[in-house]
Amino acid sequence: MKITVVGAGAVGATTADNIIRRELAEEVVLLDIKEGVAEGKSLDMYQTAALLGFNTRPIGSTNDYEKTKGSDVVVITSGLPRKPGMTREELIGINAGIVKSVTENILKYSPKAIILVVSNPMDTMTYLALRESGIPKKRIIGMGGALDSARFKTYLALEMNVSPNDIHGMVIGGHGDTTMIPLTRLATYNGIPVSRFIAADKLEKVAADTMVGGATLTKLIGTSAWYAPGAASAMIVESIVRNQRRIVPCSVMLNGEYGQKDICMGVPVVIGKGGWEKIINLRLSDAEKAAFAKSADAVRSMNAALDA
Ligand SMILES: NC(=O)C1=CN([C@@H]2O[C@H](COP(=O)(O)OP(=O)(O)OC[C@H]3O[C@@H](n4cnc5c(N)ncnc54)[C@H](O)[C@@H]3O)[C@@H](O)[C@H]2O)C=CC1
Ligand SMILES: O=C([O-])CC(=O)C(=O)O
């Protein structure tokens, strides 16, 4: 098994670090355009092997795609992160060009790879990678809902003063400050609806905090987050390489599911060795359906900006 992570910045390096520590592949290639950075970070990571006991070999590359040849899974994190006060959508101008060229280069050397898109605005970048590559849709997955759901569970756990590990919940829709949909109605504390433990107004605040989870961190840190994004990306990679068939909300191409077509958006999917294997069709309430349709309108207008 060989995995490539493109972009050796905050998210890419953290993703690679999580993948390596869990020995998800024999080789992990980290690639960046900045001279020496991927090589340096890979060597730094490899020097933790003697301390942590893993056997995966990280390999750095300054824009040499030959080194990525034959990758089974590729994570694309290259691109600008937002600064405080910005939306993810404002990154489209620069990141679209980066994601397009990276996808082309990757597929030249790894035509069978499953691609996990992380760069923002993620739903549109996922759509772009699929449209430009023309590879089977099940091999292109956008990472957003895994992270948003982790944030949702964390805020629920903090509100209830319980372990996040006992909370189940999903965030679907677009990966944007106003487009994501935390499914409070379906969230549970070990199977028990969280509404039994949290008052309605508090639950609404948890949902609102989840939606601006990325913006809150960006304001605090000065750039966007990387620990949870890296862990979320590695979790999806693990479900692919170990064929765990976990249900994870991911941005995938819809063809009539959830009432939408020709758009990549976050819905629960089964993730296994073939990529996303099937979409789980949730029975949404009327309000949730309306929120999904509104979210789709926003994502669709962002996709239209690709051709503007
Ligand atoms: N989908 C999600 O849930 C999340 C998405 N993101 C997004 O991930 C992206 C990366 O964020 P960070 O790692 O924090 O940024 P960063 O600035 O730390 O790293 C980005 C890296 O990409 C590299 N890069 C730029 N153009 C490249 C190219 N053509 N080929 C290879 N490498 C190239 C840069 O040199 C830099 O090292 C951003 O677009 C950010 O918005 C971040 C967190 C969560
Ligand atoms: O907030 C951002 O710009 C980065 C991101 O997508 C997240 O952390 O959810």
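Loop only per DSSP, at most 11 neighbouring Cβ atoms within 10 Å: give me the trypsin sites (Lys or Arg not before Pro) in segment 16-119, ordered by residue number. Display every interim value, and only then the final one.
On the way: sites: 21, 22, 34, 41, 67, 69, 82, 88, 100, 108, 112; in loops: 22, 34, 69, 82, 112.
For trypsin sites (Lys or Arg not before Pro) across segment 16-119 that sit outside H, G, I, E and B with at most 11 neighbouring Cβ atoms in 10 Å, the list reads 112.
If the cut-off is 20 Å between C-alpha atoms, which aspartates and glutamates fall inside it for residue 67, apart from same-chain ones fewer than 8 positions away?
Result set, ordered by chain and number: 17, 23, 26, 27, 32, 35, 39, 44, 104.
Put 104, 132, 35 in order of accessible area, largest first, 1.4 Å probe: what do you get?
Of 104, 132, 35, the descending order of accessible area is 35, 104, 132.
State the percentage of accessible surface on segment 2-144 attributable to carbon and sulfur atoms; use a 1.4 Å probe and exclude ligands, DNA and RNA.
53
If you average the sequence gap of Cα pairs under 8 Å that are 6 or more apart and divide by the length of segment 2-144, what percent do you get for the contact order?
Rounded, it is 23 percent for segment 2-144.
What does the charge count around residue 243 come to, taking other residues whose C-beta lies under 13 Å from its C-beta (Lys +1, Arg +1, Asp -1, Glu -1)?
Summing Lys/Arg as +1 and Asp/Glu as -1 gives +1.
Distance cut-off 27 Å, Cα to Cα: go down the list 153/261; 69/138; 83/137; 100/138 and report the pairs above it.
The answer is 153/261; 83/137.
With springs only between Cα atoms under 10 Å apart, run a GNM on the chain and tell me which of 118, 212, 237 wobbles the most.
It is 212.
Using only alpha carbon pairs under 8 Å that are at least six residues apart, calculate the relative contact order of the chain and give it in whole percent. Show your work: numbers first, answer last.
Numbers: 670 pairs, mean separation 54.8, N = 308.
In percent, rounded to a whole number, it is 18.
Convex hull over the alpha-carbon atoms of the chain: what's its volume per residue in Å³?
Expressed per residue, the convex hull around the Cα atoms of the chain is 127 Å³.
Taking the Cα centre of segment 12-152 as origin, sum charge times position over the Cβ atoms of Lys and Arg (+1) and Asp and Glu (-1), and report the length of that vector in debye to the nearest 20.
Magnitude of the dipole: close to 360 debye.
Given the options 231, 215, 293, state which has the largest fluctuation in a GNM of the chain using a 10 Å cut-off (strictly under) for Cα springs.
The residue with the greatest mean-square fluctuation here is 293.
Kindly point out which whole DSSP H helices in the chain project their C-alpha atoms 18 angstrom or further along the helix axis while averaging a Kyte-Doolittle hydropathy of 0.5 or above.
Both cut-offs are met by 92-109, 227-241.
Is the shape of segment 191-302 best called rounded, prolate or oblate, per the rule: a/c under 1.5 gives rounded, else a/b larger than b/c gives prolate, else oblate, with a ≥ b ≥ c the square roots of the Cα gyration tensor eigenvalues?
rounded
How large is the accessible surface per residue of the chain, computed with a 1.4 Å probe and reported in Å² as a whole number?
About 44 Å² of surface per residue is accessible.
Could you tell me what percent of the accessible area of segment 181-308 is made up of carbon and sulfur, with a 1.4 Å probe and every protein chain present?
55
Which one, 236, 178, 217, is farthest towards the positive end of the dipole of the chain when Lys and Arg carry +1 and Asp and Glu -1 on their Cβ?
236
The values are calculated or read from the model by the stated rules, or taken from the named source; none is laboratory data. This structure is a prediction, so every number in the text was calculated from the model and none was measured. FYI the Cβ positions are ideal-geometry reconstructions off the backbone, even for glycines, and counts take in every protein chain you see. When the accessible area is computed, the model is the full protein with side chains, heavy atoms only, and any ligands, DNA or RNA have been set aside. Shrake-Rupley method; radii C 1.70, N 1.55, O 1.52, S 1.80 Å.
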